[in-house]
Structure formats: structure tokens, C-alpha cells
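No value in this document is a laboratory result; all are computed from the given coordinates. Keep in mind that this is a model prediction, so the values were computed, not measured. Here Cβ is always computed from backbone atoms with ideal geometry, including for glycine, and neighbour counts include all displayed protein chains.
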Amino acid sequence: MSEGNSMTFIDQQNKIKVLICDDSALLRVTLRNILETDPVIHVVDMARNGAEAVEKAVRLKPDVVTMDLYMPLMDGLTALKDIVRLKIAPVIMISSITTSDAHTIMEAIEAGAFDFIPKPDEIDSMDIQSAHILQKVKHAAASNLYHKIHAKPNPLLQPLITESTDTLCPHTPSPIKPKSELPPFKAVALGLSTGGPKSIFNVLPQLPRNLNASVIIVQHMPPAFIPTFVQRLNSKTPMECIESETDMKLQPGKVYVARGGSHLKLVKNNPEEIVIQQTQLPPHLFMPSVDIMMYSVCEAFGPNSIGVLMTGMGRDGADGMVQIHKAGGKTIAESEETAIVFGMPQEAIKRGGAQHIVPNWAIASEIMKAVEDDQQ
């Protein structure tokens, strides 16, 4: 192995092979030490710039690559695009966060990066993120990423891809509210995490500008990235996309993206007026939380709620999907066929909270059918 030949390369066929790329020697060693605390991970080599990373990735065929953003000779974004084009391995971007970096990081995720991990201000603080880094690497290695991001819709399969779980759901639906108590439009509660910033573009661009529903999105990502995420959605989506603000009145035909660092909740003043509130209560692993948003949507819209849970690690949103299903709303989970990480939708399916299980490119069609269905 390189890096001063201070490490001995051994046969690690059954381990996750990781290639580290960063122009900081200290960070390379720090990352290697973190990764190799896990007995299933082996760092096969390290690279000092993007050009070296591409050459070593082609030669060593790692299972995962970690990539800095700014490096000499070849930057991380260019190297990422080469590795994605060659379909070598999932790439996790590890870089600092500033307002100017957000556009580049979002471009990297849309270009095929598996995920992004922010560098701490102090390298010594990297150990605090060790469990998070190890988890991301393991999920990346198991993701079968390139099969999924290059998957193309097959019209011949579409009649076969919708699975109903109504008969599996152990819950009794809540009493259906009279239509007079419901808002005059519907609400789509959509949750995503890892892989979401890329996958969402297989959904929102297919929804019409005049959709008779509000779309409320919770995407797990650093708060500094949310404004850039909203801008990119607006550039490619017929519906207007807005970053949420307190007391903002919900309207059909608009997409509301939850602001980072606080939960998005809905307050129903009357059937005609539903407004957004933002709060840091209750405490939660994720801020904003998909579950808390979905419960709030369900409370305001009842059977006029449509829950959608897409790619992401963990189980945030799974209980919210069950609640929407119990209230008589419609629920849609992304299938394993396209989910970069199948954790969140899989948990909803296990709990009986997903009525329809479809690949991401079929989700918009299911949403439109649910919006148009007036039989409550």
C-alpha cells in the first residue's frame, strides 16, 4: 500500500474494501484509523488527489470510495464523475460545509455520489463522527448503487409493480371525518434521506403545476444545504418549491421543503386555512423528522393525506405512514428496485404502512391517482 509504505497489504476478500482520497495526510490517516476500527472494513489504499483516486479505483476495484471535494490536479467532483461513469464503486463525499460549497455538494449528489459527510472544523473532532462514518460506508457497500441509479423505466413492467399491503395491515382505520371538516385539497407528505436529493428528481418533475394538493417534503440533510436544494428543485419542477417558514399558509400546487434544524408541523385554523409551524420540540434524532411531519399532516388532512416514503437509512417516517394509513389516507413506499438505501421504506412496509410499493419513477403516477381519487 502507498502512504509511505507504512501499512502492509493483506488479503481481505471478505471485507469491505475502501479507498480514501483527500489531499490532507492527517485526514487520510484519521479516516483510515476510524474505518479500520471495524473488523469488516479494510482500507486498501489512499490517494492525494482526484486523478490518483480514479487510477487507484480502476486498478484496485474498492467497494467504497471516500472523496474530498477540493484537491490539486483533479478535484473531487471531477473524480466522482469519472468513477460513476466507470461504475466502479459508490462514492461518499467528505468535505467542509460553507454556503458556497452547498451548490457543489448538491451537484455531486445529483452526479451520483452516494452521500455526503461534513468535515468537522477540527480534525480531532472527526472521532465524534466515527459511528456515522462507519454506518455510511457499510450502507454504501451494500447499496448496489449503480444498478439503481442507472435503472430505466420499463413500461411493460408497470402493471406488475404495485403491491397492496391492505390485507397485511394489523391496524383498524380511524373513523373517517366528514368531507365538510376536510380541506378542499389534499396533502402529500414525502420523506427522504440518503439518496433522496437525486431520487426526488424521478418524482417531482412528473407532477403537474396545477396538482390539487400541497407537497410537504422532509429531506434529511445539513441545514446549510436546504436553500440550494430548494433552488435546484425549482429549476427542474413544474410546481413552485418553497423553503418552509413559520405561519406560511399551505396552498395546493406548491411544494414546501422543511427548513433544516426544526420540525415542520401543520396547524389547522379551519378547513380553509392550514399554516406551517416550526419547532424544535419534541427532541428527535432528526431535525426535521419525517414522522413528526407526517403525524401533523395526518392530523390536519385525515383521509386526504398521502404519505410517501423513499430512500434512506433508519426508520424515520415508518410510523407516520402507518398513522396515515389508519386515518384512511393513501400510502406509497419506494421499492427496493430503486431505493438507494431501502431502510426507511422497508420499515414502513414491515409495519403494514405501505399500500403501494413502487420504484421511484412510478411514484408520481401513484400520487396523481391518489389526489384524483375522491372516494373517501
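At-a-glance table
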item	result
GluC sites (Glu not before Pro) restricted to the stretch 187-294 and DSSP loop, no more than 10 other C-beta within 10 Å	GLU272
Where labels lie 7 Å past Cα in the beta-carbon direction, separation of GLN135 and LYS369 in nm	3.4
Chain lengthening between SER96 and VAL40 when straightened (0.36 nm per residue, less Cα-Cα)	17.4 nm
Cβ-based charge dipole, the stretch 250-376, positive-most Cα from LEU285, ALA333, ALA300	LEU285
Global geometry of the stretch 265-376, whether rounded, prolate or oblate, following the gyration tensor of its Cα atoms and the 1.5 cut on a/c	oblate
Extended-chain gain in nm, criterion 0.36 nm per residue less alpha-carbon gap, GLN206 and ASN144	19.8 nm
Global form of the stretch 214-281, assessed from the alpha-carbon gyration tensor, a/c cut-off 1.5	oblate
Distance (nanometres) between label positions extended 7 Å along Cα→Cβ at LYS61 and ASP247	6.2
